[in-house]
Each structure stands twice: as structure tokens, then as C-alpha cells.
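Structure, as C-alpha cells:
Each value in this text was obtained by applying a stated rule to the coordinates, not by laboratory testing. For clarity, every value in this text was computed on a predicted model and none was experimentally measured. Glycine gets a Cβ as well: all are built from the backbone with ideal geometry, and neighbour counts include every protein chain shown.
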Amino acid sequence: MGYTKIVCGVTGSLHSQKAALEAAVLANQSHAELIYVYVVDVSFLRRGSGSITSGAVADSLDRLGDQFLEVAEEIAKTQGVVPKKILRKGPVLDELIQVAQEEKADLLVLGHEPRTFFEKALFNGSVEDHLEELKKQTGAEVMVIR
């Protein structure tokens with residue numbers, strides 16, 4: 001199927017890099033616009049008390065997100081695609097839905113790896129738990145790369 005706009009969520013994981021590559025290949029084949037998204041969610045900091053401020057952590061995660069977006073951009077360039085890069089703040093699922101809606105994406109690409117207990121708590125479950133919600137809220141096809 002041909003696509004016009006592809007949104008791909010990125011992190012620093014190997015699975016995310018595979019998803020970034022697959023999204024770039026599809027964007028090249030379809031002559032589609034490619035948008036990489038990294039979401040900073042520091043809500044987990046509110047669950048405990050500690051000496052680290054959420055502002056300092058958020059700033060660090062912003063910088064990390066910029067680096068992840070740069071890596072994804074380099075991956076896309078290997079396929080002849082120059083992506084748009086978006087860094088958002090908030091709950092991951094909500095922000096992915098919002099970007100996909102704003103960009104009018106017809107495909108959402110996500111990398112997936114088995115989650116640890118901590119990651120499931122941090123990200124409120126696994127990708128599979130949210131696939132139907134992503135499809136329903138965005139109207140886009142959702143592709144999970146393993």
C-alpha cells in the first residue's frame with residue numbers, strides 16, 4: 001500500500017532503530033513524508049519522592065531525545081529520505097496519537113521489544129495493549145516492528 005505521511009515513534013532501542021529504518025524504506029517507496037517522534041514523559045517522577053527535580057530529568061531526557069532523533073534521521077538518510085523530527089512532552093500514547101492526528105498520518109510505525117516490569121509501569125503497559133486505541137484514535141494503520 002502507498003502512504004502519504006508516516007509517523008514513527010523513536011527511542012534509543014535496537015527495535016526502535018529497526019522501526020526507523022522500516023519507516024524510511026516505506027517512505028522512500030511511497031514517496032511519503034516521514035515524521036520521527038520522541039516523547040518525554042516524566043510522570044513517573046511524581047510517583048515517588050526524591051532529590052532529583054523533574055525539571056532536571058526532563059531537560060536530560062530532552063537532550064537524549066534530540067540524540068535519538070538525530071540517529072533516526074541518519075537512518076532515514078541512508079534511504080534517501082529527509083525526515084521531520086518532533087520532540088513532545090507528555091504521556092507517550094497521548095502524544096503519539098496527537099502527532100499522528102495533527103500530521104494526518106496514514107501509517108504509524110513503532111518498534112517493540114519485550115518490556116520489563118518497570119517499563120510496563122512507566123509506559124502503562126505494552127504496545128499491544130494500545131494498538132486498537134492507536135488505530136481508533138488516529139485512523140492510521142499501525143505497524144509494529146519486532
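Would you mind checking which residues have amide H under 5 Å from Glu141's amide H? H placed 1.01 Å from N; only 5 or more apart, or other chain.
Leu107, Leu108
Ordered by residue, what ³J(HN,Hα) values in Hz, to whole numbers, does segment 4-9 give under the Karplus form 6.51 cos²θ - 1.76 cosθ + 1.60, where θ = phi - 60° and Gly and Pro are x?
Each residue of segment 4-9 in turn: 10, 9, 10, 9, 10, x Hz.
Could you compute the net charge surrounding Ser30? Neighbours are other residues with a C-beta less than 14 Å from the C-beta of Ser30; K and R count +1, D and E count -1.
The answer is -3.
Once the piece of chain linking Ala58 and Lys136 is laid out straight, how much longer is it, given 0.36 nm per residue of separation minus the C-alpha distance between them? Display every interim value, and only then the final one.
On the way: separation 78, 0.36 × 78 = 28.08 nm, distance 2.96 nm.
Full extension from Ala58 to Lys136 adds 25.1 nm.
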